[in-house]
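Novice: Dropping a structure here in structure tokens format, bear with me for questions.
Just so it is clear, none of the values below were taken in a lab; they were calculated from the coordinates. From a predicted model like this one, the values you see are computed outputs, not experimental measurements. Don't worry about glycine lacking a Cβ; one is built from the backbone with ideal geometry, like all the others, and counts go over all protein chains shown.
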Amino acid sequence: MIKVERLTKRYGPTLAVKDITFEVEKGEIVGFLGPNGAGKTTTMRILTGFLPPTSGTASVAGHDVLEEPLEVKKHIGYLPESPPVYPEMPVEGYLDFVGRLKGIPSGEVNQRVDSVVEGCALGDVRQKLIGQLSKGYRQRVGLAQALIHDPAVLIFDEPTAGLDPKQIAEVRQLIHDLSGDHTIILSTHILSEVQSIASRIIIINDGKLEASDTPQNLMARMRGHESLLIEIDGPPEDVEERLLAVEGVNGVSRKNGHAGRTSWSVETSKDAVIRSDLARVVVESGWGLYEIRPIGMSLEDIFLKLTASEDAAEAAAQDEPVAEAGADSPDETEEPTASEAAALPQEEPPEEQEESSKQEGAAAS
Amino acid sequence: MRNVWTIASRELRSYFASPIAYILLAMFSLIFGYFFFSAVAIFVDFASRGQMGMQMPPMNVDQFIIQPTLGNFSIILLFLSPMITMRLFAEEKRSGTIELLLTSPVRDFEIIFGKWLAAVLLFACMLAISMLNLAVIFLLSTPDWRALLVGYLGLLLMGGTFLAIGAFISTLTKNQIVAGALTFGAFLLLWVLDWVNAYSTSTVGKVCQYIAIAPHFEQFSKGVIELKDTVYYLSAIGLGLFLSKRSLESLRWRA
């Protein structure tokens, strides 16, 4: 359905996209994953015909984006990063306008508007001005706009950016409902987002395609590199020694602690049973165990793991504590990274942490 | 053509959904009303002097009311048309809706023509208001309606020229104020071009005079369709729209 070959885009001296090649089959949901500025938006804009490529070719539904832009545009529904809405228009009038713009015959426009209003649950705000809507509703209007001509290919640029967890769940559900009939490309810098809906993940970093695989395979490739955060009330020297002695632990590094407790980042090779093993060691030693949880991988980590060779990756992980990688990364992972947890001020009430772990739970489900 | 109308009608609705259209129309009717009033007042003054036995030139409403009133139109256009056109593309670029237009199955030219058409239609609303004023004369006198019609054709062409240039300038920036200021500056330049060189007979002077927008309207206001002037306006509109198209295309390459 979508074919991209040796695509390169240059803005003046900077290469935004470097020699990317991939294909998307009909009915697939592909997630573009990468940090901000990785070239996701540029790639999408080339596919939608908004930008021409510097070199290479891209085609959608058999039409080349440069040679038959109008044909390509007919087959694509596109939701840019900020929904392209006119604040002074009512939802219905806006959708009617987009419908006509996309070439729906006059007689069918009303019917299509009704159908996307229903599909995106916009019934309550149908007559309202878009400028008065909340961000979540505006995003849904953006989605409705992309769906109005029932295109074969849907391209969503960061569809959940800036929404609250409930809205994120709704948008994901919507996208999930669209799969099957439509070929979907969506971009995000949140790993769990693509994990939950995409059938294939394409990782782009620094304009280059780093990996293209199913979420399961990617997870498998990254397994064995999980870190745990553990907070213990006990003598630091003994703790380090005994934790290292647990089977499956590759490395232990100390974080700052407070109120007599110390936090540790534990690098493990297998995730399966190690948490209970660690807990047992702590309890048997007579220390207090305050917290134990996996540290979400930041995208930086993932790129490191995926691109560097095994040894190099391990060295990098040990030389450079996860805390730093997390702090450098501009992207928020769903879970707070070790650095954030460690940086929590002393008087931070414990509810904060519970709150974040609730979000984790919501994201995982 | 359907796409052009889709875009034009949205643009028009947008003008009327915001205060822009109402403010512009209100300002226009005030200023035009004043111009019309002053022309009538002068006419009445002259007429009463004539009745008192003073030597006055032969007078008629065409020459003394309609011609100067229409002639003053270009001043109104100079000030109001930048406000019509400054948002056309600048606003779409700022808010990102340009991405919707450029990823829809419509041609660049349809986008530009549609937006220009909307601006011209708003201008036509102004013309309609001005007609209400002039209708009063028809109640009291019998002016030459054909000459007036030609005058309005000229106004439409002159307005179209201003608006096409304004539309082009609006494609150059994301900032409405910048677009407005540049447009006003350009219009002012095109306005003064002819009086700076009014008495010059050099080639440069003649060229400047030909380029200036307002002088080409003179014949129209007298009810004469001059080929030279018609060609001037049509080609200026064409140039404005062509430059807008080029500018919109370059948006893709520069982005």
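Novice: Can you work out the FRET efficiency for the pair A:Glu291 and A:Gln216, with r the C-beta to C-beta distance and R0 = 25 Å, to the nearest 0.05? Don't skip to the answer; put the middle values down first.
Specialist: Values: r = 29 Å, r/R0 = 1.16.
That gives a FRET efficiency of 0.30.
Novice: Give, in nm to one decimal, the length gained when the segment between B:Ser202 and B:Ala181 is fully stretched (0.36 nm per residue of separation minus the Cα-Cα distance). Kindly include the intermediate steps, with their values, before the conclusion.
Specialist: Working: separation 21, 0.36 × 21 = 7.56 nm, distance 3.13 nm.
Contour length minus the Cα-Cα distance gives 4.4 nm.
Novice: Considering Cα pairs under 8 angstrom that are at least six residues apart, work out the relative contact order of segment A:226-296 and quote it in whole percent. Mind dumping the intermediate values first?
Specialist: Numbers: 125 pairs, mean separation 33.7, N = 71.
Here the relative contact order equals 47 percent.
Novice: Which distance in Å, rounded to a whole number, links the C-alpha centroids of segment A:40-83 and segment B:97-145?
Specialist: 34
Novice: Also, I was wondering about something else. Mind listing which GluC sites (Glu not before Pro) in segment A:65-173 are in a DSSP loop and have 13 or fewer other Cβ atoms within 10 Å? Write out the running numbers ahead of the final one.
Specialist: Working: sites: A:Glu67, A:Glu71, A:Glu81, A:Glu88, A:Glu92, A:Glu108, A:Glu118, A:Glu170; in loops: A:Glu67, A:Glu81, A:Glu88.
Sparse-neighbourhood loop GluC sites (Glu not before Pro): A:Glu67.
Novice: Can you tell me, using C-alpha contacts under 8 Å and at least 6 residues apart, the relative contact order of chain B as a whole percent?
Specialist: Details: 272 pairs, mean separation 68.3, N = 255.
Reported as a whole number, the value is 27 percent.
Novice: Evaluate the relative contact order of segment A:2-219 (contact order divided by residue number), counting alpha-carbon pairs under 8 angstrom at least 6 apart; express in whole percent. Working shown, then result.
Specialist: Values: 419 pairs, mean separation 65.3, N = 218.
That works out to 30 percent.
Novice: If you don't mind, there's one more thing I want to ask. Give me the distance between the Cα centres of segment B:30-61 and segment B:172-190, rounded to whole Å.
Specialist: Between the Cα centres of segment B:30-61 and segment B:172-190 lies a distance of 37 Å.
Novice: Provide, as a two-decimal number, the C-alpha radius of gyration of segment A:226-296 over 2.2 N^0.38 Å, N being how many residues it has. Display every interim value, and only then the final one.
Specialist: Values: Rg = 10.7 Å, N = 71, 2.2 N^0.38 = 11.1 Å.
So the Cα radius of gyration is 0.96 times the expected 2.2 N^0.38 Å.
Novice: Follow-up. Grab the Cα-Cα distance for B:Ser18 and B:Ser235, subtract it from 0.36 nm times how many residues apart they are, and report the gain in nm with one decimal. Numbers along the way, then the final one.
Specialist: Working: separation 217, 0.36 × 217 = 78.12 nm, distance 3.19 nm.
Length difference between fully extended and current span is 74.9 nm.
Novice: With axes computed from alpha carbons, what is the tilt in degrees of helix B:2-17 against the longest principal axis of chain B, rounded to the nearest 10 within 0 to 90?
Specialist: 70
Novice: Are there trypsin sites (Lys or Arg not before Pro) in segment A:1-105 that DSSP puts in a loop and that have at most 12 other Cβ atoms within 10 Å, and which ones? Could the numbers behind the result be given before it?
Specialist: Values: sites: A:Lys3, A:Arg6, A:Lys9, A:Arg10, A:Lys18, A:Lys26, A:Lys40, A:Arg45, A:Lys73, A:Lys74, A:Arg100, A:Lys102; in loops: A:Lys26, A:Lys102.
Those that pass, being in a loop and sparsely packed, are A:Lys26.
Novice: Could you compute the FRET efficiency for B:Thr142 and A:Arg10, with r as their C-beta to C-beta distance and R0 at 56 Å, rounded to 0.05? Provide the component values of the computation, followed by the final result.
Specialist: Numbers: r = 69 Å, r/R0 = 1.23.
With a Förster radius of 56 Å, E is 0.20.
Novice: Calculate the FRET efficiency for B:Glu218 and B:Lys174 from the Cβ-Cβ distance with a Förster distance of 35 Å, rounded to the nearest 0.05. Write down the numbers at each step before the final one.
Specialist: Working: r = 38 Å, r/R0 = 1.08.
Calculated transfer efficiency: 0.40.
Novice: Kirkwood hydrodynamic radius of the protein assembly as shown from all distinct Cα pairs, in Å? Spell out each step's value before the answer.
Specialist: Details: mean 1/r = 0.0345 Å⁻¹.
So the Kirkwood estimate lands at 29.0 Å.
Novice: Further question on the same structure: What lysines sit close enough to A:Lys128 to cross-link, taking a C-alpha to C-alpha distance under 25 Å and skipping anything fewer than 8 places away on the same chain?
Specialist: By straight Cα distance, A:Lys128 reaches A:Lys102, A:Lys166, B:Lys93, B:Lys115.
Novice: In degrees from 0 to 90, rounded to the nearest 10, what is the angle of the helix B:108-140 Cα long axis to the longest principal axis of chain B?
Specialist: 20
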